1. Which condition number in (1) closer than 23 Å to Trp50 by Cα; (2) of a type in the set (Ser, Thr, Tyr); (3) open to solvent by less than 80 Å² (accessible area, probe 1.4 Å) is the one that Ser144 fails?
2. Whether any residue in the range 27-36 is closer than 15 Å to Tyr117 by Cα and without any contact (Cβ under 8 Å) to a residue 24 or more places away in the chain is what I want to check.
3. Quick one: count up the residues across the range 52-79 that are among the basic types (Lys, Arg) and part of a strand (DSSP E or B).
4. Which residues, counting only those in the range 37-56, are more than 11 Å from the chain's Cα centre (by Cα) and among the hydroxyl-bearing types (Ser, Thr, Tyr)?
5. Does Ala132 satisfy the condition of being open to solvent by 30 Å² or more (accessible area, probe 1.4 Å), more than 19 Å from Ser83 (Cβ to Cβ) and in contact (Cβ under 8 Å) with a residue 24 or more places away in the chain?
6. Could you count how many residues in the range 37-62 are touching a Lys or Arg at 6+ places or on another chain (Cβ under 9 Å) and over 29 Å from Asp12 (Cβ atoms)?
7. Which members of the range 12-26 meet the condition of being touching a residue at least 40 places away in the same chain (Cβ under 8 Å), farther than 13 Å from Leu125 by Cβ and not hydrophobic (A, V, I, L, M, F, W, C)?
8. If we scan the range 85-100, do we find a residue that is open to solvent by 50 Å² or more (accessible area, probe 1.4 Å), farther than 25 Å from Ala132 by Cα, of a type outside the set (D, E, K, R) and free of Cβ contacts under 8 Å to residues at least 40 places away in the same chain?
Amino acid sequence: MSNKFVEINPDDFNYSAFKLIAKDWLQITAKAGDRVNTMTASWGGVGQMWGKNSAFIFIRPQRFTKTLVDKSDVLTLQVLPESLRKTNSYFGRVTGFDEDKIKASGVTVLSEGEHVYFDESDVVLFCRKMYAQELNKESFIDKSNIDKWYPQSDYHTMYVVAIEKLLVSENFKKAHNL
């Protein structure tokens, strides 16, 4: 059974960004050529940047999804329902360098224009890249984060993306009175 999505204005999306990103976990999904990949992320944020509704996300250099994000102008941020928590965990644990995670997971890939997303998602943000920069050791003010999060010096790349469209499943919309 296919999920039904409703487009909503980001200003009307009154769901906690803290919960959405850190607790529900985001999927960062991108396509380059005929390859689609996703990864689980729990670091990032949403807000305003350069006059646009925006998100910022972080991807480590060794992630296969980063290779696709770097080759594309767009990406999709999405949240899967709690019922797919094991799938979410799998997407964060397995690398797309080793296997086709999407195919193995059984999620259904949908596309709209350049964007790809999963039919099973609760929330989908269609995003366009605006800025990317690698984090570097010299820019850390709180140096304790270097040893804690980067013992292998594998600093994330930060991406700032414009949110072009926000979809929610009808079930999510009803459950959260959006």
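The values are calculated or read from the model by the stated rules, or taken from the named source; none is laboratory data. All of these numbers come straight from a predicted model, not from anything done at the bench. Here the Cβ is made from the backbone with ideal geometry for all residues, glycine too, and neighbour counts use every protein chain on show. With ligands, DNA and RNA removed, areas are computed over all heavy atoms of the protein, side chains included. Shrake-Rupley method; radii C 1.70, N 1.55, O 1.52, S 1.80 Å.
1. Exception for Ser144: condition (1).
2. Among the residues of the range 27-36, at least one is closer than 15 Å to Tyr117 by Cα and without any contact (Cβ under 8 Å) to a residue 24 or more places away in the chain, which makes the answer yes.
3. 1
4. The answer is Ser54, and nothing else.
5. yes
6. Going through the range 37-62 one residue at a time, the tally reaches 2.
7. Step one: of the range 12-26, the residues touching a residue at least 40 places away in the same chain (Cβ under 8 Å) are 12-15, 20, 24-26.
After this cut, where a residue has to be farther than 13 Å from Leu125 by Cβ as well, the list is 12, 14, 25.
Within the range 12-26, Asp12, Asn14 qualify.
8. No; the residues of the range 85-100 include none that is open to solvent by 50 Å² or more (accessible area, probe 1.4 Å), farther than 25 Å from Ala132 by Cα, of a type outside the set (D, E, K, R) and free of Cβ contacts under 8 Å to residues at least 40 places away in the same chain.
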